[in-house]
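The values are calculated or read from the model by the stated rules, or taken from the named source; none is laboratory data. Since this is a predicted model, take the numbers as computed values, not measurements. Backbone-built Cβ (ideal geometry, glycine too); neighbour counts: all protein chains shown.
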Amino acid sequence: MNFLHDLTFYHSYPLGMLGAPSINDYKKNTVNRLEDLDQWLEHIKNLGCTALYIGPIFESTAHGYDTKDFHVVDRRLGTNELFRKKVELAHDLGIKVVLDAVLNHTGRDFFAFQDIQLKKQDSCYTSWYKNINFCENNEYNDGFSYSGWNGCNDLPVLNPENEDVKRHLIEAAEYWIDEFNIDGLRLDAADCLSKDFIRRLNKAVKAKKPDFFMIGEIIHGDYREWIGDDLMESVTNYECYKGLFSSHNDLNYHEIAWSLNRQFGENGIYKGMPLYSFADNHDVARIATVLKNKSNLYPLHIILFTMPGMPSIYYGSEWGVTGEKVSGTDITLRPHLDIYTAQKTADQPGLSGTIQKLTWLRNSNEVLRRGTYRQILVENDFFIFERALGNERWLIAVNNSAKDKEIDLTKLFPEGDRFRDMLNDTDYNKHNGKALIKIHSQWGIIVKKQ
């Protein structure tokens, strides 16, 4: 799975992005909102992303994580046949497609849960869910209680030990490979799934498509527990997600530098692992909202696209779209965006072009995808690190201060006479024993020896 190091992700939440209603009225006809995905795919291609992570697309009652049917595209988005065409288009554009797979829980409209509501103890599906208790009740007056994910009873938790449950979920994954030729799954709440189940799922999907891969949503703990040839290929890098924004907000590059060194340095515990890196997603406040100074979007993304791992952009964040996480709802994080309007009214009109330049540099230079990581200099507002592969060394420097910084490249490349700043398309020559380069406020450089 070495090719995972080459992937750059674009993360979409289709129910929001394409303007679907918040509640699914199952009596209404299908609306083919997926037709609008064509223009997004062209944008994703032009941005330089090579993989599209599509948030929940299976038929659901509301937000997509309350699944009704694992085999059907949500009617608010379109049909199975229409989605098949969009996957084909993505592949024609060189974009891999990864689907959000919510395998820990379902919605209350899922057939097995509805059967329990109807037949109570006589249902043959009572063992499909965790802690069904017919001696208790709940706020829905079902006449029984059960485990809800994270305490939410609209998300009844499946019983991972039930053989029929395992078979149903694995067959669903195989179906999306057979019928749609998807390339991977992002396992929601992966830390709630048993490793035995993940191993079985891994074996099944690899039998269908040997280069199929899985990314797990893991927030806490040791990521190594979840990555392996028989488990998942990658997990979400929440440690660096936090470090990316707080290092800029607190003028404390020591935080992100510590995490990167811990993870990917000479003795890094995740060295060589293609972790999924991001600045925001559908569950957390948008990065343009989190940052106290929006100008820091630029050095932040320079780090994101040059650090080890698979970088990801959440739809709209390339234009500085904002969104605050509000208690009780994530709708503000998942807005409907008309792509043309979003481009024209961008709060940060230069950010998309910067990201495009960064993806181009990463896509065309293996040192940024597979090179080793080494910390060079860390100050509160100034950070330099190295990516190296073979005889090639690149230095990345970012400036979080309100003032420009100046460094002498000959101190970092003692053997060098000519240098190239790949980000700013500028050449520097050694003069009077020095090669001085300026790093502007809230900006950075990506330099290699010529």
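Numerical summary
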| quantity | calculated |
| --- | --- |
| All positions within the range 193-243 that are touching a Phe, Trp or Tyr at 6+ places or on another chain (Cβ under 7 Å) and of a type in the set (S, T, N, Q) | Ser234, Thr236, Asn237 |
| Positions within the range 282-301 being more than 25 Å from Lys344 (Cβ to Cβ) and either surrounded by fewer than 24 Cβ atoms within 10 Å (Cβ to Cβ) or free of Cβ contacts under 8 Å to residues at least 24 places away in the same chain (or both), in sequence order | Asp283, Val284, Lys292 |
| Given (1) free of Cβ contacts under 8 Å to residues at least 60 places away in the same chain; (2) surrounded by fewer than 21 Cβ atoms within 10 Å (Cβ to Cβ); (3) under 26 Å from Asn281 (Cα atoms), number of the condition Asn181 does not satisfy | (1) |
| Extreme residue, farthest from Arg370 (Cα to Cα), among residues of the range 267-300 that are in contact with an Asp or Glu (Cβ under 9 Å, 6 or more places away or on another chain) and assigned to a helix (DSSP H, G or I) | Thr289 |
| Qualifying residues in the range 253-262 (those that are buried (at least 18 other Cβ atoms within 10 Å of the Cβ) and touching a strand residue (DSSP E or B) at 6+ places or on another chain (Cβ under 8 Å)) - the one farthest from Arg224 (Cα to Cα) | Tyr253 |
| Exclusive hit being modelled with pLDDT under 95, outside any helix (DSSP H, G or I) and either within 29 Å of Phe212 (Cβ to Cβ) or not hydrophobic (A, V, I, L, M, F, W, C) (or both), set Glu139, Glu161 | Glu161 |
| Odd one out for Gly94 among (1) surrounded by 22 or more Cβ atoms within 10 Å (Cβ to Cβ); (2) touching a residue at least 40 places away in the same chain (Cβ under 8 Å) | (1) |
| Test: Ile218 is in contact with a strand residue (DSSP E or B) (Cβ under 8 Å, 6 or more places away or on another chain), within 23 Å of Val98 (Cα to Cα), in a loop (DSSP other than H, G, I, E, B) and free of Cβ contacts under 8 Å to residues at least 40 places away in the same chain | yes |
| Search result, residues across the range 401-439 that are assigned to a strand (DSSP E or B) and of a type in the set (A, V, I, L, M) | Ile407, Leu436, Ile437, Ile439 |
| Candidate set: the range 88-135, residues that are in a loop (DSSP other than H, G, I, E, B) and polar (S, T, N, Q); chosen: the one nearest to the chain's Cα centre (by Cα) | Asn104 |
| Matching option when the condition is farther than 24 Å from Leu244 by Cβ, surrounded by fewer than 18 Cβ atoms within 10 Å (Cβ to Cβ) and polar (S, T, N, Q), among Asn380, Asn391 | Asn391 |
| Members of the range 396-450 that are surrounded by 12 or more Cβ atoms within 10 Å (Cβ to Cβ) and on the phi > 0 side of the Ramachandran plot | Gln442 |
| Residues (of a type outside the set (A, V, I, L, M), free of Cβ contacts under 8 Å to residues at least 40 places away in the same chain and either in a loop (DSSP other than H, G, I, E, B) or in contact with a strand residue (DSSP E or B) (Cβ under 8 Å, 6 or more places away or on another chain) (or both)) located in the range 335-349 | Asp338, Thr345, Pro349 |
| Hey, Ile439 within 35 Å of the chain's Cα centre (by Cα) and within 16 Å of Leu361 (Cα to Cα) or not | no |
| Residues of the range 126-172 classified as crowded, with 16+ Cβ neighbours inside 10 Å, among the hydrophobic types (A, V, I, L, M, F, W, C) and touching a Lys or Arg at 6+ places or on another chain (Cβ under 8 Å), total | 4 |
| Near pairs, Cβ below 8 angstrom, 6+ apart or cross-chain, from the range 147-171 (within 15 Å of Asn137 (Cα to Cα)) to any residue that is surrounded by 13 or more Cβ atoms within 10 Å (Cβ to Cβ) and among the β-branched types (Val, Ile, Thr) | Ser147/Val157; Gly148/Val157; Asp154/Thr61; Pro156/Thr106 |
| Matching entry among Gly272, Gly268, Gly309 (being surrounded by fewer than 18 Cβ atoms within 10 Å (Cβ to Cβ), within 24 Å of Arg393 (Cα to Cα), of a type in the set (Gly, Ala, Ser) and in contact with a strand residue (DSSP E or B) (Cβ under 8 Å, 6 or more places away or on another chain)) | Gly268 |
| Where a residue in the range 356-371 is outside any helix (DSSP H, G or I) and its partner, wherever it lies, is at pLDDT 95 or above, with Cβ under 6 Å and at least six apart | Gly371/Arg387; Gly371/Ala388; Gly371/Leu389 |
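Listed here are the residues, each with its yes/no results for (1) of a type in the set (D, E, K, R); (2) in contact with a Ser or Thr (Cβ under 9 Å, 6 or more places away or on another chain); (3) under 30 Å from Ile132 (Cα atoms); (4) not assigned by TED's automatic domain parsing to the domain that holds Trp149.
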| residue | (1), (2), (3), (4) |
| --- | --- |
| Asp25 | yes, no, yes, yes |
| Thr30 | no, yes, no, yes |
| Leu41 | no, no, no, yes |
| Lys45 | yes, no, no, yes |
| Ala62 | no, yes, yes, yes |
| Asp66 | yes, yes, yes, yes |
| Glu88 | yes, no, no, yes |
| Asp92 | yes, no, no, yes |
| Ile116 | no, yes, yes, no |
